[in-house]
1. Find the relative contact order for region B:168-254 and round it to a whole percent, using C-alpha pairs within less than 8 Å whose residues are 6+ positions apart.
2. Residues of B:188-197, mean number of Cβ from any other protein chain within 10 Å of their own Cβ, rounded to a whole number?
3. Give, in nm to one decimal, the length gained when the segment between B:Gln130 and B:Ser229 is fully stretched (0.36 nm per residue of separation minus the Cα-Cα distance).
4. I'd like the mean, over residues of A:75-84, of how many other protein chain beta carbons sit within 10 Å of each residue's own Cβ.
5. At 222 nm, what value in deg cm²/dmol follows for chain A if DSSP H runs of at least 4 each add -39500 (n - 2.57) and the sum is divided by all its residues, to the nearest 500?
6. Kirkwood Rh and Cα-based Rg: tell me the resulting Rg over Rh for chain B, rounded to two decimals.
7. For B:Asp15 and B:Asp218, FRET efficiency with R0 = 25 Å and r from the beta-carbon atoms, rounded to 0.05?
8. By average Cβ neighbour count within 10 Å, what is the ranking of B:10-22, A:75-87 from highest down?
Amino acid sequence: MTPQPDPHPPGGHAPGWLPPTPAQTVGPFFGYALPFTGGGHIAGHGDPDTITVHGRVFDGASGPVPDALVEIWQADRDGCLAGAPGSLRHDQVTSEVVGRDGTAFTGFGRVPTDADGHWAVRTVAPGPHRPGATPYLAVAVFARGLLRHLYTRVYLPERADHVRADFPDLPAERLDTLLAVRERAGLYRFDIRLQGERETVFFDFC
Amino acid sequence: MRPPTPLTGEPTQRDIDAAMAEADRRPPPDPDHPDRDYPPYRSSALRHPKQAPLPVVDPEAVELTGPVFGVTDVSALDNDLTLGQTGEPAGQRITITGRVLDRTGRPLAGQLVEIWQANAAGRYAHDLDQHPAPLDPNFTGSGRCLTDSDGEYNFTTIRPGAYPWRNHLNAWRPAHIHFSLFGTAFTQRMVTQMYFPGDPLFPYDPVLRSVTDQSARDRLVAVYDHDLSLPEWTLGYRWDIVLGGPARTLFEDR
Ligand SMILES: [Fe+3]
């Protein structure tokens, strides 16, 4: 339907603004449409200093979520957020997705979870996006059963002190859900718990 | 083709109707969107956070920017889902067009729009969709395009069929097309579904009815536009999409 000015704008919104299109679940069958070749290879070819961030998505019964989609958006190692296009680069002959060319940093990753709820991206540690800012990977989580996607952030544990300073009111056990765990050099673990014990902190951007 | 294993001991439509009526009496935190805790959609039970989201009043530049896409991310025929196979897909050919706008009404040009859908018989080209309706060798059901300078997208496809699912006994999804959009900020990211006008399954479907405000729900339904129909070729539907996101996404100079 053609958008009409919102007669009853929700609190805080100026009258006359268009009301947004409501969200709906991604459902179970996005797998042949949204994931793409090289979706988790955010770092460029031959980058000498990449990191891998991986983890599992769990539901409220601590079961794996095998039909989730994890998206990452981030700054490059210099803190630049001008990600280049080309994440879903297509072959001109076959129309198949061939993935990014590996030279330009697009800053965008998209990976479906596997049958065990596991996902992984290979990327670079982001730099501060403004002087003094604590860098992080912005994350959007989609899943069957999730009527509207969720936002969270992956902070690297080397910045834990800064993260604590950024969220002074957050209890330690909540804050920990935003910190990746270093498993070995260059390998970080970040589990996403949708519900229940150690539920991940999700954000609402106002 | 395998016959379906009948569900037993599952909620009936009447049970789900009662749960939907109950949810209608409990306004969601944001009337424009579904409450993630929506019991009639049973898969939501273990997948919605119990803690309130942490409000970020002054989002960082990371969330006020977002990925960009361009000519290399789509191929020219990606917006015609009836092409790319050896034959024509079965079903009613349709055209869907509309504009992608922000909440001030500004058109969003160069935006990636991705869609996926069931075939005319209501079957997805996905191994986990095992309901006994035929796959169509000439239809895979996914497409993408970039919006033009007026923020307009355009797809040619076939009208998807309704399909059964196992939320409850005799659960059928109204015909719909899944849409994915980005906007200019990561906080404008949107995944939703477009429905067809006048579908008799609307009152029975907990996914559509998870949007409990009727005017918001109406915004998920396309309109038939006779001027978009092409003689002896397609029926035309129009569906505009408004991306939300925090106010900062609208006033930030970029
Ligand atoms: Fe669907």
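1. Values: 101 pairs, mean separation 22.6, N = 87.
Rounded, it is 26 percent for region B:168-254.
2. Working: counts 2, 8, 7, 13, 8, 7, 2, 1, 0, 1.
Going residue by residue through B:188-197 and averaging, the value is 5.
3. Numbers: separation 99, 0.36 × 99 = 35.64 nm, distance 3.33 nm.
Length difference between fully extended and current span is 32.3 nm.
4. Numbers: counts 3, 0, 0, 0, 2, 1, 9, 2, 5, 5.
Counting Cβ atoms of other protein chains within 10 Å of each residue's Cβ and averaging gives 3.
5. Numbers: 2 runs with 11 residues, N = 206.
Value at 222 nm, helices only, nearest 500: -1000 deg cm²/dmol.
6. Values: Rg = 19.3 Å, Rh = 19.9 Å.
With Rg and the Kirkwood Rh in hand, the quotient comes to 0.97.
7. 0.45
8. Numbers: B:10-22: 15.3, A:75-87: 19.2.
Final packing ranking: A:75-87, B:10-22.
No value in this document is a laboratory result; all are computed from the given coordinates. The model shown is predicted, which means the values in this text are computed figures rather than measured ones. Don't worry about glycine lacking a Cβ; one is built from the backbone with ideal geometry, like all the others, and counts go over all protein chains shown.
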